[in-house]
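The values are calculated or read from the model by the stated rules, or taken from the named source; none is laboratory data. Computed from a predicted structure; not experimentally measured. Here the Cβ is made from the backbone with ideal geometry for all residues, glycine too, and neighbour counts use every protein chain on show. Note: areas computed on protein heavy atoms with side chains; ligands, DNA, RNA excluded. Shrake-Rupley method; radii C 1.70, N 1.55, O 1.52, S 1.80 Å.
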Amino acid sequence: MINSNSELILEISDLHAQVEGQKILNGVDLQIRSGEIHALMGRNGSGKSTLSKVLAGHPAYKVTNGKVLYRGEDLLGFEPEERARLGLFLGFQYPVEIPGVSNIEFLRVSTNSRRKQLGEEELDIFSFEDFVDSRLKLVQMNPSFLERSVNEGFSGGEKKRNEILQMALLEPILSILDETDSGLDIDALRIVAGGVNQLTNQDNATLLITHYQRLLDEIKPDFVHVMSSGRILRTGGSELARELEDSGYEWIENELPKTGES
Amino acid sequence: MKSQNLVGEIVSKPYKYGFVTDIETEKISKGLTEEVVRQISAKKKEPQFLLDFRLKAYKHWLTMTEPNWAELGYKKLNYQDIIYYAAPRDNEKKASLDEVDPKLLETFDKLGIPLTEQKRLSNVAVDAVFDSVSIATTYKEKLAEHGVVFCSITEAVAEYPELIEQYLGSVVPLNDNFFATLNSAVFSDGSFVFIPKGIDCPMELSSYFRINSGDIGQFERTLIIAEESSSVSYLEGCTAPMFDTNTLHAAVVEIVVLDDASVKYSTVQNWYSGDENGVGGIYNFVTKRGHCRGVRSKISWSQVETGSAITWKYPSCILQGEDSVGEFYSVALTNHLQKADTGTKMIHVGPRTKSTIVSKGISAGKSLNSYRGLVQIGPKAIGSKNYSQCDSMLIGDNAAANTFPYIRSQNPSSCIEHEASTCRISEDKLFYLQSRGIGFEEAVSMIVSGFCRDVFNQLPMEFAAEADKLLALKLEGSVG
């Protein structure tokens, strides 16, 4: 998977961030290169989801220090929609429902915004239908979901599949999947993981945020990071995830001197 | 980085219909007297019965007091400071469009309502009303082949006086309410539609109202009659220039529907709403009512209300015929200091009558947006049904939304359902769309138009896209 010619896609240095006045990230450092799959693990409240929101540009999260380079550019200077057009994708833990907005129209507008950025031709309604058809198979989604309102009345598993469908349409450079496995039964997990596996290649990268080994049995990470109190405490290979599964997080947290929140 | 404050800036796009057409106008002098009423009637060469109608209304109006129950808090109008009739100097209705003053045609072109033959909307006939008079009606001959009459009410008075005498004031009586009575005394022009028995009107009919003069009131009168087993879809659009004074618009619309006939009445109202400090704008105090006289008759009101400083209107249905059906679909968007108090009255008189109410209110800025509606089921309306759904969306922290549903049921066999909800345009929904590459403003208008989808689906095709665009335009820079 890893090759030396790979591109440095994401470079996070000493990132601090807060939400509603509360410090959540306390100096995150992380590098991701093309062709790599990273897993980010940690307890609830350790800052994993916050990191994903900060990278995607959620307005409620304020960066107080540090920098993030995305393909050499200052990521934090871009609006959320610009980040998406540049190929950064966040698969949401809880995708929101948007009543009255048809899923296919939403997917088309979204896809076209990315295509426009890439200098590709925007797709009209008819050619988009063909394009989306080819991607539906990837997540084994019924075309009837396209006619419904965005995520409205979708089950947990359907929402997650809709997220991976969006990933398939947008062809991102960096995909951050925030607890995509949560709330999925084993069959749905396989479908979602299968979709992700088909979408990863030497030119893109994936950051999986998860609590569980079971997702990492389906999608093999090159690196596993353990986050605690807003910082990455330890980085290892896939064996680290298995150790965590056996022994929990405590041994890592105890092993390193606690610095507390600064 | 963009903050939520930006959501507050999206509703303040400059009003693009605010221009004034420089045309010589004939106005009668300010103020309202019996003489003024007689003058209006004389200018229109009206028959005696209509003059009598006007004078009776005028005399009754003198005994009435201006209502205040909606507590809209506007400055009292001085009715002696309004001009009750204004018309382009050369206001003889022309036989052909080629003879109409090019400035007037240009005005309607600029408003996106091309009247000239070659550019006409292919399946919509238009009656264009400029200040107090109708200047052109398109496709009249083609409609006449089907026996459909579509003309200005002034022409109808001259050509079909018996229909006017029979139906005018039969749905909204001349003593109905302060503004309707005022209209009955001084109404200037408006549209007249007659669909004969058994005819489905072959095209959409549309009236376009334009207020051009600053100090006039516009009092148009519309009368629609659908005979047995006929049907028609009628659209109404409105704009006005920007003035820093308030202009009164007090229209009356009456609809009569006989056995098995149906009328669909759609409005896109975009009168000038005043500036962001609430200076200027139209007072839109309108009485609209339809009467389902026949069995299985149907009236459907759809409205998209985005303009006016104050909108005060309740398009209503009197469901008299057995199994008659009334519908009301409304989107009201207010911004800055706009106030809208709108809703409907569904009066169930006959057995097994049905009504549906779907109201979507969106308030931004410091505006106030209220739904006020009455569902009344009479003692003989056995087995009747009503379903109401009233949803409000708030944009920013300074806007207000109210819902005032009044329900009266006088028989136990009827069924009334009412649902209401209020929501805010959420940061999370916006972020979700943005994180898919959709720009901030587009995301806002996508969410808002999704919120209005149930109502937009009721609009005729030509209007649905227009309404979507209008909403997006009004919302630009308003969200916060």
Order B:453, A:114 by their accessible area, 1.4 angstrom probe, all chains in place, largest first. B:453, A:114
Using protein chains only (no ligands, no nucleic acids) and a 1.4 Å probe, work out which residues of region A:74-103 have their accessible area cut by at least 40 Å² relative to the chain alone. A:79, A:80, A:81, A:92, A:96, A:98, A:100, A:101
In degrees from 0 to 90, rounded to the nearest 10, what is the angle of the helix A:156-170 Cα long axis to the longest principal axis of chain A? 80
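Checking the a/c ratio against 1.5 first, then a/b against b/c, what shape does the Cα gyration tensor give for region A:8-255?
prolate
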Based on the Cβ-Cβ distance of residue B:398 and residue B:63, what FRET efficiency does E = 1/(1 + (r/R0)^6) give at R0 = 41 Å, to the nearest 0.05? 0.50
Using Cα atoms only, what is the angle between the long axis of helix A:125-136 and the major principal axis of chain A, expressed in degrees (0 to 90) to the nearest 10? 50
Across peptide B:436-449, how many C-beta atoms of other chains are within 10 Å of each residue C-beta, on average? 6
Between residue B:24 and residue B:55, what FRET efficiency follows from the Cβ-Cβ distance if R0 is 30 Å, with the result rounded to 0.05? 0.50
For the protein assembly as shown, size of Cβ-based charge dipole, Lys and Arg +1, Asp and Glu -1, in debye: 1660
Unit charges at the beta carbon, dipole of region A:8-255: most positive-side option, A:102, A:142, A:31: A:31
Just to verify a number: FRET efficiency for residue B:106 and residue A:190, C-beta to C-beta distance, R0 = 56 Å, to 0.05? 0.30
With label points set 7 Å from each Cα along the Cα-to-Cβ direction at residue B:166 and residue A:62, the distance between them in nm comes to 7.3
Ranked packing of B:331-337, B:318-324, B:436-442, most packed first, by mean Cβ within 10 Å: B:331-337, B:318-324, B:436-442
By DSSP, what percent of the beta bridges with both residues in region A:8-255 are antiparallel, rounded to the nearest 5? 60
Percent antiparallel among DSSP beta bridges confined to the protein assembly as shown, nearest 5, equals 20
Calculated [θ] (222 nm, deg cm²/dmol) that DSSP helices of n ≥ 4 give over the protein assembly as shown, each run adding -39,500 (n - 2.57): -7500 deg cm²/dmol
Nothing charged except the Cβ atoms of Lys and Arg (+1) and of Asp and Glu (-1): what's the magnitude of the dipole of chain A about its Cα centre? Round to the nearest 20 debye. 360
Kindly compute the accessible surface that chains A and B hide from a 1.4 Å probe when together, both sides summed, and give it to the nearest 100 Å². 2300
So with the 1.4 Å probe, I'd like the accessible area per residue for the protein assembly as shown, rounded to whole Å². 39
Which of the residues in region B:390-435 show a loss of at least 10 Å² in accessible area from their chain by itself to the complete set of protein chains, at a probe of 1.4 Å? B:427, B:428, B:429, B:431, B:432, B:433, B:434, B:435
